[in-house]
Amino acid sequence: MAEKNTLVLIRKEIESHVGEKIKLRANRGRRKTFEKVGVLESTYPSIFVIRVDEQNYYQRFSFSYADVLTETVELSLCGENKQKIAQCAGK
């Protein structure tokens, strides 16, 4: 039951940053990690979507809130404060 509450806290924290510029760091396994900068486009009950603008096109990446909990995905704000999002929820 505690992990469900933690996921709700993570979701609320992420929802509060919709439309903001986000730095994404994702671990895709076998030492495959990528970093992108994009905009937190939208949130849904189980996932959130980040839009990354490349030169002539854009990509959308979707992740679950459990990815943030297990630290497979790290999100941080771009700009002056550069704080991590939902950092304390998993601890």
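The table for this structure:
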| read-out | value |
| --- | --- |
| FRET efficiency for Glu71 and Val8, using Cβ-Cβ distance with R0 set to 22 Å, rounded to 0.05 | 0.75 |
| Using alpha-carbon coordinates, inclination of helix 2-15 to the longest axis of the chain, degrees | 30 |
| For region 2-90, the fraction of alpha-carbon pairs in successive 10 Å shells from zero, as % | 17, 53, 26, 3, 0 |
| Helical contribution to [θ] at 222 nm, DSSP H n ≥ 4, -39,500 (n - 2.57), averaged over the chain, rounded to 500 | -6000 deg cm²/dmol |
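Values quoted throughout were computed directly from the atomic coordinates according to the rules given, and no laboratory measurement underlies them. It should be emphasised that the depicted structure is a prediction, and the values quoted were computed from it without experimental measurement. Neighbour counts run over all protein chains shown; Cβ positions are idealised from the backbone, glycine included.
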